[in-house]
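The values are calculated or read from the model by the stated rules, or taken from the named source; none is laboratory data. For clarity, every value in this text was computed on a predicted model and none was experimentally measured. Cβ coordinates were reconstructed from backbone atoms using ideal geometry, including for glycine residues, and neighbour counts include every protein chain displayed. We work out accessible area using only protein heavy atoms, side chains counted, and drop any ligands, DNA or RNA first. Shrake-Rupley method; radii C 1.70, N 1.55, O 1.52, S 1.80 Å.
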Amino acid sequence: MDNLSTVDADGAIETRGIEPVPDHERGGRVRELFPTWVAANISVLLLTMGAALVVFNHLNFWQVLVVAACAALVSFGLVGVLSVSGKWGGAPGATLSRATFGVRGNLFPGAILWIARFGWETINAVTGAYAVLTVLDLVFGVKSNTALIVVTLFAFVACTFLVSGMGRKALNVCNTWSTYLFGIFSVLVLGYLIATMRWSEVFAKPAGTTAMMIAGVGTIAAGGISWVPTGPDFARYLPHAASGRKIVGVTVSGAGIVMVPMVLMGAVMAVASPGLADAADPVSFLGDLLPTWLAVPYLLTAIVGMLLINSLSMYSAGFTAQTMGVRLPRALAVSINAVISLVGGLLLMLVAKSFLGSFITFLILLAVSFSAWIGVYAVDMYRRRSRAVRYDPAALMDTSRNSRYWYVGGFCWQAMVSWVLALLIGLAFTKCDWFAGPLSGTPVGRYGLAWAATIVISGVIMAVLPTPRENTPATPETERTERTERAAATV
């Protein structure tokens, strides 16, 4: 059995680990998810990604609008749908997936997701550090150097660690206020762009190809897809009666209200400054395009937003660490991710030659690695839509042979086969700076649809294989009967 801490639900600092939330602590409301998913998208990286759609994919304004809207709907639609399992089981996604893969089998996809999350947190930490450096340059004229990079990155990661360690309630408060502040300054930036941009040039840009639009959806959606396994983490405090449709609607609207205008703003900025898509860092261009009186407060609110994105990610990463067997309270388990983010961030800022190239490659691999899990988990979740076969709280925490989710040797072979095959095939369709899979020249590969193919493949294989049979936990009576039968057989 896992032996993890419990919590007073009314405490300011959450100490609950991966154990399911009991019904009497389920006082959350669906609308509380809205600022969470707004905050999850407050990142200037969306500006850079919007610019990349114009510079590299050669899309025009209207095509970027369609791509951004489709990416928000698809990626956070998946987040919302799978978040419903959080209210069913009251546990984080990394724990609920024990029921899908088996208590031992869950360690393998869990390890992949955990490693991928390290990369996402590193990217966000680096972007936040670059934003701080840009503010120091604009306000005080302090130029970046190695020592300042180290100090800035360390401070950003340390703040992320502290906020994420406080837990769900603290994050909800921070998310709400950052949503208001970032929204105000985003409107100001949008107004400035409307007043100063040469819109004739923006709308005169010719349309790109359909293939580049489809590939663009995958690139923008990758960030949202990475949140799918952690969606249940934020819905587990919702009561069983909470509307699943409202969970999906709030998730998509919270993400879309930020994602779509941010990507569009990046695309518009790229018309005025095409070089921003391949700049040395993803932030400093704002100091060139916006007046200081607007760039500085906008960057400060963006810094808070990126800190919260990383805090949300580390919050969930703490649960993943505990599910992987790290015997620490969630708040301390987060420290593992903090250290790795610091080391990886230093390598990216001081050693890597191209931030954007590394970022796009990471997004491509991120989407495929998460997609294999999504398809398998979604089919298993669909089979649990009846309350009679939903998640067993005690079994989720039981990692012994008596667990309901032990299956065969601790593995659900149907889920493992589906996950492994889909992951390998998805990588075969993938092409990035590091490698090109043997199927990357097919239409699926050329259109950047490896992530979508991976979801479909893993889901179809899981659906056609025999339905897994959960174990019937042994009772004292059955154990005594088995011992008696074995003894009689020996005699």
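Structural remarks
- Helix axis angle, 146-166 relative to the chain longest principal axis, alpha carbon, degrees: 40
- Computed from label points 7 Å out along Cα-Cβ, the spacing between T467 and R383 is 0.8 nm.
- With DNA, RNA and ligands ignored, accessible area of E19 (1.4 Å probe; Å², nearest 10): 20
- Computed extension gain for F203 through L188, at 0.36 nm per residue and net of the alpha carbon distance, reaches 3.2 nm.
- Pairs of lysine residues in the chain - Cα separation under 20 Å, sequence separation of 8 or more or cross-chain: 4
- For V408, distant residues with modelled amide H under 5 Å away: W413
- Zone of L294's modelled label, taken as backbone nitrogen in the stretch 177-196 under 20 Å from a point 7 Å along Cα→Cβ: 180-196
- Computed from phi, the 3J(HN,Hα) profile of the stretch 421-433 under the Karplus parametrisation 6.51, -1.76, 1.60 (θ = phi - 60°) reads 4, 5, 5, 5, 5, x, 5, 5, 7, 8, 9, 8, 5 Hz, with x in place of Gly and Pro.
- Helical contribution to [θ] at 222 nm, DSSP H n ≥ 4, -39,500 (n - 2.57), averaged over the chain, rounded to 500: -23000 deg cm²/dmol
- Folded to 0 to 90 degrees: helix 210-225 orientation relative to the chain principal axis, Cα: 60
- 3J(HN,Hα) along the stretch 311-323: 5, 4, 5, 5, 4, 6, 5, x, 5, 4, 4, 5, 5 Hz, from the Karplus curve 6.51 cos²θ - 1.76 cosθ + 1.60 with θ = phi - 60°, whole Hz, x for Gly and Pro.
- Once the Cα atoms are used to define both axes, helix 330-350 deviates from the longest principal axis of the chain by about 40 degrees.
- Highest to lowest packing among 36-43, 419-426, scored as the average C-beta count within 10 Å: 36-43, 419-426
- Charge dipole (debye, nearest 20) of the chain; +1 at Cβ of Lys and Arg, -1 at Cβ of Asp and Glu: 800
- Relative contact order for the stretch 23-366: 44 percent, from Cα pairs under 8 Å spaced at least 6 residues apart, divided by residue count.
- Average accessible surface area per residue within the stretch 23-366, 1.4 Å rolling probe, Å²: 35
- Between the stretch 112-127 and the stretch 388-403, the C-alpha centres lie 30 angstrom from each other.
- Only protein atoms count toward the accessible area here, which uses a 1.4 Å probe; on the chain, the carbon and sulfur part of that area reaches 68 percent.
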